[in-house]
Amino acid sequence: PGDYRRALAADAFSRLDAPGLRKICCAGGSLNDADTAVLRSAFPSARHWSWWGSTETSGIGLTMPDDCASTHPGRIGIAFGGTDLALWGDDAHRGSGELLCRGPHVMRGYWKNPAATAGRFTGNWFHTGDLVDIDRDGFVRLTGTVSREQSAP
């Protein structure tokens, strides 16, 4: 989202003529509603997608399809491609906490580093370090980050 925000701040999209642009993708966070509206205005025929992930999740763990963005503003997506999600922490039962992931694309541990693996995994659940809340439809919203002291088992 940082590159989009810099381009939006510089009014760069108003000068583009790209009627054939079909997709706009954003990874690493979500754009706010105002920024999204500018992009939709500049590229009205483009579908908008966002992804969240990390190296440990093979680059993707959540996706926000274009048709869901307007019904779940501020959310970064839902589980993607066999990803299981869980929450860790005191407020997990209320739908917020550290995001945990597991699935066929989530690595099993750090190469020859059992200490790092123990610090980021509970069983086969990867501790992302991202604080989130998950709504009843399964859409995830980033709310912050946790320190390793808080997240690891």
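The values are calculated or read from the model by the stated rules, or taken from the named source; none is laboratory data. Source: prediction; values computed, not measured. When we count neighbours, we look across all protein chains shown, and the Cβ atoms used for this are built from the backbone with ideal geometry, even at glycine. Heavy atoms of the whole protein, side chains included, go into the accessibility calculation; ligands, DNA and RNA do not. Shrake-Rupley method; radii C 1.70, N 1.55, O 1.52, S 1.80 Å.
Label positions at Arg108 and Asp84, each projected 7 Å from the Cα along the C-beta direction, are separated by 1.6 nm.
For the range 78-153, the gyration tensor built on C-alpha atoms gives an oblate shape. Its axis ratio a/c (a ≥ b ≥ c) is at least 1.5, and a/b is not larger than b/c. Under 5 Å between amide hydrogens, built in the peptide plane, is the criterion, and for Ser50 it picks out Cys26, Met64 among residues at least 5 positions away or on other chains.
If you sort Thr122, Thr55 by accessible surface, 1.4 Å probe, largest first, the order is Thr55, Thr122.
Across the range 19-76, Cα-Cα pairs farther apart than 19 Å form 27% of the total. Excluding Ile78 itself, what net charge comes from residues whose Cβ is under 14 Å from its Cβ, given Lys and Arg +1 and Asp and Glu -1? With Lys, Arg at +1 and Asp, Glu at -1, the net is -3.
Loop-located trypsin sites (Lys or Arg not before Pro) in the range 77-153 (DSSP state other than H, G, I, E, B) with a sparse environment of at most 14 neighbouring Cβ atoms within 10 Å: Arg108, Lys112, Arg136.
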